[in-house]
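> Mind looking over this structure? Questions follow.
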Amino acid sequence: ALLTRPPRCSLPAAVVGAGLGGSAAAYFLQQHFGPQVQLDVYEAAGVGGRLATVTVNKQQYESRGASIHALSLHMQDFVKILGLKHRREVAGKSAIFSGEHFVLEETDWYLLNLFRLWWHYGISFLRLQMWVEEVMEKFMRIYKYQAHGYAFSSLEELLRSLGGDAFVNMTQRSVAESLLEVGVTQRFVDDVIAAVLRSSYGQSVLVPAFAGAMSLAGAQGSTWAVEGGNKLVCSGLLKLTKANVILARVTGISLHNSEGKALYQVHYESSEGQGSAFYDMVVVTTPLHPSRSNFTFENFEPPISDFPGAFQPSVTSVVHGYLNSSYFGFPDPKLFPFTSILTTDTPDLFFNAMDNICPVNISAAFRRKQPQEAAVWRVLSQQPLDKHQLKTLFRSYYSVQVTEWQTYPRYDAAKSLPPIVLHENLFYLSGVEWVASSMEMIAVAAKNVALLAYNRWHQDLEKIDQKDLMHKVKTEL
């Protein structure tokens, strides 16, 4: 069949997925291409993706993607542009539990917390902070590069531009190895680092150093969340870009040539049956791993191969009930001081972390429940909790809502990073999660893909994979 190209004044583009990656990509594409880009965004489940909420007693609670780091500049921007607000912080204390006792407890006193860390672990925590700060300081260069319109055609190039080969190597070696090298003790790694990584990625200290650094930065910096729920960022960005949201599951993409230009046919299934549409440009923001999607690519030469790697199963249980504080060594529930419990990597421990969560809308009069009252707890685990395990953590409960997902890459299984460019104007965003998985990493990747698409479309190769960018950006200022 003859393929008729749409008139050149418009640029039909598709974004697959309406989670944070898809909605941010749609927003940035429109920012760069302007009104000529006509965006269709395909979403099978619901806008927001993993930024989902659950309802308990008519109140909504975040089920995942709960906190955003203070240095997340793109996320800060989105909130400002959309007129959203930061959720009011409700203070609470954390502790790390070994299955038998608390190995570290936070107090109300910052200095006492520092003293305890120093008393238990010597200067390990200072060495950790210096290491994380050094990584973050280099990572922050990305905002300058992006503000000047620079983009990267591979994750390796992006990392290299920020921190040289050292950053690329950090995706291939474990966080434990890197920290031991800078003088952090094994005990600190086993107690504290393991607990943080179990609560963020549900994995051990064998996760790569870069993903580990990002997770640890989130654990020690100040964090925030969006009033009304973080998923409001996704629906807000899609509204702002006036993107056409199509509720359908994309099953594959086939390549056609028209007048010497690539044309992509996106095939999808919706409640109305099967359909397809043609585009000049496509950005895929859902994971392209066989375990996660049965996505097909047709007529591509060379063929687009399967993506290696597996995903980590993770289970979130939102429980409304009475905490069994005696399991944690507090027979009197009134005296239980913690709102967040992290756990060490102990074989018998059946959960990774649990926290007493606040609703996504916090009124000025809101107060946290006392430990002896029924509260809403979010429990993160690798397997669904059975009755016995729930009874271990809770004296009694009114409701349990379970979400099972394969959220994060299984980091120990990754040997190489996925590509960003799959074909001329066909891009893959989710591969960034193999570097590190956080809301801001996804936003950074969305901006990079939009800039890359724009620079390639306009043949502006000066703006792609440039070496020595720090120097270039300084001279441009």
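The values are calculated or read from the model by the stated rules, or taken from the named source; none is laboratory data. Model, not experiment: these values are computed from the prediction. Here the Cβ positions follow ideal geometry from the backbone for every residue, glycine too, while neighbour counts run over all protein chains shown. Keep in mind that these areas ignore ligands, DNA and RNA; they rest on the heavy atoms of the full protein, side chains included. Shrake-Rupley method; radii C 1.70, N 1.55, O 1.52, S 1.80 Å.
> What are the residues in region 102-140 that are more than 19 Å from residue 213 (Cα to Cα) and part of a loop (DSSP other than H, G, I, E, B), if any?
The answer is 106, 107, 108, 109, 122.
> Would you mind stating whether residue 65 is modelled with pLDDT under 90 and not in a helix (DSSP H, G or I)?
yes
> Then there's this: Criterion first (in a loop (DSSP other than H, G, I, E, B), over 19 Å from residue 219 (Cβ atoms) and either touching a residue at least 40 places away in the same chain (Cβ under 8 Å) or open to solvent by less than 40 Å² (accessible area, probe 1.4 Å) (or both)) does residue 313 satisfy it?
Criteria not met by residue 313.
Residue-wise test of (1) open to solvent by 40 Å² or more (accessible area, probe 1.4 Å); (2) small (Gly, Ala, Ser); (3) touching a residue at least 12 places away in the same chain (Cβ under 8 Å).
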| site | (1), (2), (3) |
| --- | --- |
| 116 | yes, no, yes |
| 122 | no, yes, yes |
| 125 | no, no, yes |
| 136 | no, no, yes |
| 145 | no, no, yes |
| 155 | no, no, yes |
| 158 | no, no, yes |
| 164 | no, yes, no |
| 172 | yes, no, yes |
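> Evaluate the following for residue 321: is it touching a residue at least 12 places away in the same chain (Cβ under 8 Å) and open to solvent by less than 30 Å² (accessible area, probe 1.4 Å)?
So residue 321 fits the description; yes.
> Of (1) open to solvent by less than 40 Å² (accessible area, probe 1.4 Å); (2) at pLDDT below 95, residue 443 satisfies all except one. Which?
(2)
> Scan region 337-352 and give yes if some residue there is among the acidic types (Asp, Glu), modelled with pLDDT under 95, open to solvent by 50 Å² or more (accessible area, probe 1.4 Å) and more than 23 Å from the chain's Cα centre (by Cα), otherwise no.
Yes, that holds for at least one residue.
> Shifting gears a bit: Just give me the residues in region 462-472 being open to solvent by 60 Å² or more (accessible area, probe 1.4 Å) and within 11 Å of residue 149 (Cα to Cα), in sequence order.
Within region 462-472, just 462 meets the criteria.
> While we're on this one: Can you tell me how many residues in region 241-277 are farther than 17 Å from residue 43 by Cβ and of a type in the set (A, V, I, L, M)?
Total satisfying the criteria: 3.
> A further question follows. With 248, 262 as the choices, which residue is in contact with a strand residue (DSSP E or B) (Cβ under 9 Å, 6 or more places away or on another chain), at pLDDT below 95, farther than 20 Å from residue 416 by Cα and not basic (Lys, Arg)?
262
> For region 189-302, give me every one of the strands (runs of 3 or more DSSP E) that falls completely inside it and has 3 or more residues that are open to solvent by less than 50 Å² (accessible area, probe 1.4 Å).
Per the criteria, 249-258, 261-270, 273-279, 281-284.
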